Amino acid sequence: MYPRTLQIPGAAGQGFFLFGPRGTGKTTWLKQRFPAAIYLDLLDHALYLELLARPQRLRDLIPPRHDGWVVLDEVQRTPLVLNEVHRLIEEAGRRFILTGSSARSLRRRGVNLLGGRARTYRLYPLTASETGADFSLQRALVHGQLPSVYTQPDPDNYLASYVENYLRQEVIEEGRTRNLAAFSRFLESASFSQAAPLNVAQVARDVGVDRKTAAAYFDLLEDLLIASRVPVFARRAKRRVTVHPKFYLFDAGVYRAIRPSGPLDSPEEIDGAALETLVYHELRAAIAYRSLKLELFFWRTAAGAEVDFVAYGGDGLFAIEVKRSRTVRSSDLRGLRQFRSDYPMARCMLLFGGDRREYRDGIDLLPVADALADPASVLTAPGDADAPARASTRARRSGLAGRPQG
């Protein structure tokens, strides 16, 4: 069990939500953090049916003298039980931890989210800093960072089962589609949009469904935290920018398990999308775990200049480009140069596959292994120029600064 960066304040009130895709380790983390809690797993079919039929039975499942936490795992399966949770908090002073795969899914059903008083936390797949010396960039690009890929003897088989048993079957349980064949085709088609601007109409044509159905499928992936769409950064834009968001499945290993590949597919294209996915995951986790006042965007002009990630908010403005190659050509910096011209206050960085930090035209060229060792150091104000150097030193000392392949 790797120590997780997520921290819950000691004074967590009477309850909080912990959301994250299946397999990210929510229950394992909670059992370590709250060992005395009562655990009620709604993936247990008998318990699920019992509380689905009579949510008020929840009271009878908690010993009268228990004054600690009660964990309800996968609460989105029986959302009406949240009314009973709310009542037990108000009337009996019970304390609840509620886990699930999506707050949006619950809100769409119009259920009680404890009157908005409960805080919400997110758990992501493992980060490079959490796995420490066990982190391998090449393995993370191939198998991703779900905790089980570090313990399963056959990670490929685990990921294939994850896609089959969770991604496809979960949508059936959600009741949002009954056409599993169409949804399976959609998943494969959507994987070709990984780390790229999303064209929903094109995906719909590839799958053979109407645009409204494809859009609903994308909404479902976001509801379940399986994927997300990154909007275009257009604040005070000086150039015409694109309108389509970028699409990401949440984990590089899950992406590879879904993405069909064959002799006509470029390994560089798949590897490049996997690396960008890994960086996206690390940036999101750093922002969430460290409570940074930042949101993630990307930037792409109508003329085709692009920056993979723009982090913007109260903690600053950062432009981050990701390249897998060991060497950096002048053309690789084109998007960052144009962004810096439009937003001179931004800290601009290129994360690349080499092992030596450089500076060109006011742009910080940082080895991606160093950046993954401490992504929060990437999201520091321009005045803190020594932060990446400190991250690089920490990476080398911890053995994380391995070289990516090819």
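The values are calculated or read from the model by the stated rules, or taken from the named source; none is laboratory data. No experiment lies behind these values; they were computed from the predicted model shown. Quick reminder, even Gly has a Cβ in these numbers, built from the backbone with ideal geometry, and neighbours come from all protein chains shown. Only protein heavy atoms, including side chains, enter the accessible area calculation; ligands, DNA and RNA are left aside. Shrake-Rupley method; radii C 1.70, N 1.55, O 1.52, S 1.80 Å.
Here is the figure for segment 114-149: residues that are assigned to a helix (DSSP H, G or I), under 26 Å from D73 (Cβ atoms) and open to solvent by less than 40 Å² (accessible area, probe 1.4 Å) total 7.
Can you report the number of residues in segment 215-241 which are of a type in the set (V, I, T) and over 23 Å from A252 (Cα atoms)? The number of residues fulfilling the criteria is 1. Just one of the listed residues (D60, D67) is surrounded by fewer than 16 Cβ atoms within 10 Å (Cβ to Cβ), more than 17 Å from Y166 (Cβ to Cβ), modelled with pLDDT under 90 and out of contact with any Gly (no Cβ under 6 Å at 6 or more places or on another chain), and it is D67.
May I ask you to list pairs of residues, at least six apart or on different chains, whose Cβ atoms are under 9 Å apart, with the first in segment 190-215 being free of Cβ contacts under 8 Å to residues at least 40 places away in the same chain and the second being hydrophobic (A, V, I, L, M, F, W, C) and exposed (fewer than 14 other Cβ atoms within 10 Å of the Cβ)? Within 9 Å, the pairs are R211/A201; A214/A201.
Checking each residue in segment 202-236 for being in contact with a Ser or Thr (Cβ under 9 Å, 6 or more places away or on another chain) and either outside any helix (DSSP H, G or I) or of a type in the set (F, W, Y) (or both) picks out Y217, L224, L225, I226, V232.
The C-beta contact set for segment 142-166 (first residue among the charged types (D, E, K, R), second residue surrounded by 13 or more Cβ atoms within 10 Å (Cβ to Cβ), distance under 8 angstrom, 6+ apart or interchain) comprises D156/H143; D156/A257. Within the bounds of segment 274-287, is there any residue that is at pLDDT 95 or above, on the phi < 0 side of the Ramachandran plot and in a strand (DSSP E or B)? No; the residues of segment 274-287 include none that is at pLDDT 95 or above, on the phi < 0 side of the Ramachandran plot and in a strand (DSSP E or B).
Would you check which residues across segment 74-94 are assigned to a helix (DSSP H, G or I), of a type outside the set (K, R) and open to solvent by less than 50 Å² (accessible area, probe 1.4 Å) and list them? Across segment 74-94, the qualifying residues are V75, Q76, V81, L82, E84, V85, H86, L88, I89.
Within segment 185-201, count every residue that is under 22 Å from the mean Cα position of the chain (by Cα), assigned to a helix (DSSP H, G or I) and not aliphatic (A, V, I, L, M).
In the first step, residues of segment 185-201 are kept if they are under 22 Å from the mean Cα position of the chain (by Cα); the result is 186-200.
Then drop every residue that is not assigned to a helix (DSSP H, G or I), which leaves 186-191, 200.
Among the residues that remain, those that are also not aliphatic (A, V, I, L, M) are: 186, 188-189, 191.
Residues meeting the conditions: 4.
When segment 306-341 is examined, which residues are found to be charged (D, E, K, R) and either under 23 Å from R284 (Cα atoms) or in contact with a Leu (Cβ under 7 Å, 6 or more places away or on another chain) (or both)? Those that are charged (D, E, K, R) and either under 23 Å from R284 (Cα atoms) or in contact with a Leu (Cβ under 7 Å, 6 or more places away or on another chain) (or both): E306, D308, D315, E321, K323, R324, D332, R340.
The set of residues in segment 31-73 being assigned to a helix (DSSP H, G or I) and in contact (Cβ under 8 Å) with a residue 24 or more places away in the chain consists of Q32, R33, Y48, L51, L52, P55, Q56, L58, R59. Selection of segment 342-352 for residues being open to solvent by 60 Å² or more (accessible area, probe 1.4 Å) and in contact with a Leu (Cβ under 7 Å, 6 or more places away or on another chain) yields only M345.
Across segment 294-322, the number of residues qualifying as part of a loop (DSSP other than H, G, I, E, B) and at pLDDT 95 or above comes to 1.
Checking A288, A319 one by one, the residue that is under 30 Å from F19 (Cβ atoms), among the aliphatic types (A, V, I, L, M) and within 16 Å of the chain's Cα centre (by Cα) is A288 and no other.
Among the residues of segment 289-301, not a single one is small (G, A, S) and either closer than 18 Å to R347 by Cβ or surrounded by 22 or more Cβ atoms within 10 Å (Cβ to Cβ) (or both). Does A286 count as touching a Phe, Trp or Tyr at 6+ places or on another chain (Cβ under 9 Å) and within 20 Å of A195 (Cβ to Cβ)? Criteria not met by A286. Residue pairs whose Cβ atoms lie under 7 Å apart, sitting 6 or more positions apart in sequence or on different chains, and linking a residue in segment 8-30 that is among the basic types (K, R) to a partner that is modelled with pLDDT of 85 or more, are K26/L18; K26/G20; K26/T99; K26/L123. Of the listed requirements (1) touching a residue at least 24 places away in the same chain (Cβ under 8 Å); (2) more than 15 Å from S191 (Cβ to Cβ); (3) of a type in the set (D, E, K, R); (4) in contact with an Asp or Glu (Cβ under 7 Å, 6 or more places away or on another chain), E276 misses just one: (2). Of the strands (runs of 3 or more DSSP E) contained entirely in segment 328-372, not one carries at least 2 residues that are free of Cβ contacts under 8 Å to residues at least 12 places away in the same chain, over 15 Å from L275 (Cβ atoms) and of a type in the set (S, T, N, Q).
Just one of the numbered conditions (1) part of a loop (DSSP other than H, G, I, E, B); (2) closer than 30 Å to A286 by Cβ; (3) open to solvent by 70 Å² or more (accessible area, probe 1.4 Å) is not true of Y2: (3).
Would segment 242-262 turn up any residue that is of a type in the set (K, R), surrounded by 23 or more Cβ atoms within 10 Å (Cβ to Cβ), at pLDDT 95 or above and not in a helix (DSSP H, G or I)? Yes, there is a match, as at least one residue in segment 242-262 is of a type in the set (K, R), surrounded by 23 or more Cβ atoms within 10 Å (Cβ to Cβ), at pLDDT 95 or above and not in a helix (DSSP H, G or I). If the condition is being within 17 Å of the chain's Cα centre (by Cα) and open to solvent by 30 Å² or more (accessible area, probe 1.4 Å), then segment 8-52 contributes R22, G23.
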